[in-house]
Protein chains: 2
Amino acid sequence: MTTDPATDDQPPGIRTRPSTVTLRDVADAAGVSKASASRALDPRSQYVSPELRARVMETARRLGYRPNASARATTTGATAMVAVLVSDIRDPYNAEIVHGVIEQAGASGLVATFAGTDHAIDDEVRVVRMMRSLRPHAMILTGARSGSTVSRTSLEEELARYTQEGGRVVIAGDDELPFDTAVVPRRRGASALVADLFRLGYRSPALIRPDHDSAAAREWEDGIVETARSLGMRIEYGAVVRAPMSRDGGYDAVRSLVEQRHEGLDVVLAATDAMAIGAMSAMRDAGLSPGTEIGVAGFDDVVGTEDVTPTLTSVDLALARVGAAAVELALTESAADRRRVEFEPRVILRGTTPARHG
Amino acid sequence: MTTDPATDDQPPGIRTRPSTVTLRDVADAAGVSKASASRALDPRSQYVSPELRARVMETARRLGYRPNASARATTTGATAMVAVLVSDIRDPYNAEIVHGVIEQAGASGLVATFAGTDHAIDDEVRVVRMMRSLRPHAMILTGARSGSTVSRTSLEEELARYTQEGGRVVIAGDDELPFDTAVVPRRRGASALVADLFRLGYRSPALIRPDHDSAAAREWEDGIVETARSLGMRIEYGAVVRAPMSRDGGYDAVRSLVEQRHEGLDVVLAATDAMAIGAMSAMRDAGLSPGTEIGVAGFDDVVGTEDVTPTLTSVDLALARVGAAAVELALTESAADRRRVEFEPRVILRGTTPARHG
DNA sequence: CTGAAAGCGCTTACAG
DNA sequence: CTGAAAGCGCTTACAG
């Protein structure tokens, strides 16, 4: 049992990944120093002879060299990465924002990293902690969050730690946390919707709002109610129903509205498209024909608004642009003041809200 | 203009991020060596006195220390990261798979990184190149891809480079590329659907399939056709319509079927739920009542199958589990042979396919 | 059980 | 314009 002396020569050291080509390899193959190779491969580097640069680039290409992002990050201290916290990617609302983030990140040469967060703040704290290890250039927080005040405090602490390290925090969504934010124009969208409906002749809305108390729900409701009031529209007592934020929630909400037998109610506004679609089903089941007998409008315009009959009026919140804007906020220098970007929402009037007589 | 001698002492070196706490800081604050601090923080490390470990952990907590993942990756050569390539996250089909990936990655202590790929192989090649820099533990490819043979070859080359570096490639979706794959059970699902419909009394199906030639579309069609034939069902000439993979595609397909006036057609099968929902609309517009007069079934069960009237029969492909399984394949040792995981799809019979007389 | 030292793959002043 | 050297923040044999 003797050891083969030939293998004894190999330095022990850490085992690296099998046959990864490194800068060293490229430099050797091109017959230059590592320093020169590094400069030749950096497009921003000035002092490289064209000849040397060409040779190194060609060698790198031939060997299939890809710089090690981790090594680069540990020397420069910077990562070309944004970390995105999403509650549930299956929610088309989130998916739309995330799509904007991915596109814009790609266009800006950044990698987007994701982690799920279960909607709960405690979970977000955990994820922020984990993500901090990656030293991302920025963290983008998406979606609604719910949790106790103490949870909220520890989230803010954890984010503060991150910003002290030089990280940037950007919110894509509701205007809840004290950071630069790309705002989803909910309030403005709700307001514009009501104004348009008024113009079409609607006068007495009922509201179906989510039964949890999120900033998003509040903004939607506020936008509706304020504009309705200012236009002299009547919101009857009991015409604001709380329900789970789902198709079935919308369905049940309309059933309870029907039982109450409101006088003169002419349009039902739901906080999401899914709820509105459920509401339409309930109307049909109650013998009411959505659109002709009573107006219906959803919100967000991400679910199948075109797939129901009649097609559903909704509000396009430009969510992909919100996601893209969040990335841009992360990339541009942060001002002393908190920044806020908001796009114009677009009301899309469809079959469920025909013009009203009179 | 004299330089302040006091500042002259500072080592020039690279500027690191403002006030990040490093292992060095923790070690100093705890009065131990970096080596000991490192070991104390590594739960798998054996030879640490409980006393020292406790002290270091407490210090780390107090300072808000988070290990630098890049530095760790450059020393160990391994990253706790999976890179996911998705074509379009807004597609609920993809979102469902990605959801499974994120969940399972989180549970396994991995970070999931995403990049979008525009469906085109050329773009995938670009993204794989970019992602290689991150040295992720694995790359997970999702969704359909289209492109020339030469594009496909360069994709395979780029992936080969990656595997030579020790990376793992896993496919979540269609059985197209020669790597470990978590299969979306399309063919099996299509087959089970037809069998169930046969049992309900349906005998003469029409097919609406996507007008592009993807592996997914092919598998669906093959599953349908084979099973139908083997059961003695009749698929009429011209009863297979190609259409864009969208609601409107489904709508138009049914119009053309109606024009052809097929005899005895008793059920329309669409390759996606969205197409099926469009098909239902077209039936109504043609004076046919979906469900009662003619059966309809979608596929995937991710869009609003419950939101139409009658509710839409579809097939649940367990997509989140497919995503999770892809992560698991990435984590377990790869066998010599290519591995393949496939779950049982679930046919969900709803209102659009009532039992047929006789 | 603990510490000093070497090394991971890069980048960037600093001298030529 | 180019190369030798130092340094980024870690981890892990190697000696005590």
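Extending 7 Å from Cα along the Cβ direction at A:Arg24 and again at B:Ala355 yields two label points whose distance is 7.4 nm. Relative to the Cα centre, the charge distribution of chain B, modelled as +1 at Lys and Arg Cβ and -1 at Asp and Glu Cβ, gives a dipole magnitude of about 1000 debye.
With both residues required to sit in the protein assembly as shown, DSSP beta bridges show an antiparallel share near 10%.
Shielding value for B:244-256 is 1, the average number of Cβ atoms from other chains within 10 Å of each residue's Cβ. Each residue, B:Arg62 and B:Asp42, gets one label point 7 Å from its Cα in the Cβ direction; the gap between the two is 2.5 nm. What whole number of Å gives the distance from the Cα centroid of the range B:170-247 to the Cα centroid of the range A:92-145? First find each Cα centre; the distance between them is then 36 Å. In this simple spin-label approximation, B:Ser146 and B:His262 carry label points 7 Å from Cα along the Cα→Cβ vector, and these lie 2.3 nm apart.
The value of relative contact order for chain B, using C-alpha pairs under 8 Å at least six residues apart, is 16 percent. In terms of its C-alpha gyration tensor, the protein assembly as shown has an oblate overall shape, because the principal axis ratio a/c (a ≥ b ≥ c, square roots of the eigenvalues) is not below 1.5 and a/b does not outweigh b/c.
Counting from the shortest, the label point at B:Pro310, 7 Å from Cα toward Cβ, is 2.7 nm from the same position in each remaining copy.
Would you kindly state the longest site-free stretch of chain A, with sites defined as GluC sites (Glu not before Pro) in a DSSP loop (not H, G, I, E, B) surrounded by at most 11 other Cβ atoms within 10 Å?
A:1-262
Remark: A:Ser204, A:Ser19 ranked as A:Ser19, A:Ser204, counting other beta-carbon atoms within 10 Å and listing the fewest first. Here the contact order of the range A:70-209, divided by its residue count and restricted to Cα pairs under 8 Å and six or more residues apart, works out to 22 percent. Between copies, B:Ser204 shows label-point distances of 5.2 nm, shortest first, with the point placed 7 angstrom from Cα along Cα to C-beta. Taking the Cα centre of the protein assembly as shown as origin and assigning +1 to Lys and Arg Cβ atoms and -1 to Asp and Glu Cβ atoms, the resulting dipole is close to 1420 debye.
Annotation for B:Asp222, label-to-label distances across the other copies: 5.7 nm (shortest first, one decimal, point 7 Å from Cα along Cα→Cβ).
All of the numbers you see were taken from the coordinates with simple rules; none came from a lab. All of these numbers come straight from a predicted model, not from anything done at the bench. FYI the Cβ positions are ideal-geometry reconstructions off the backbone, even for glycines, and counts take in every protein chain you see.
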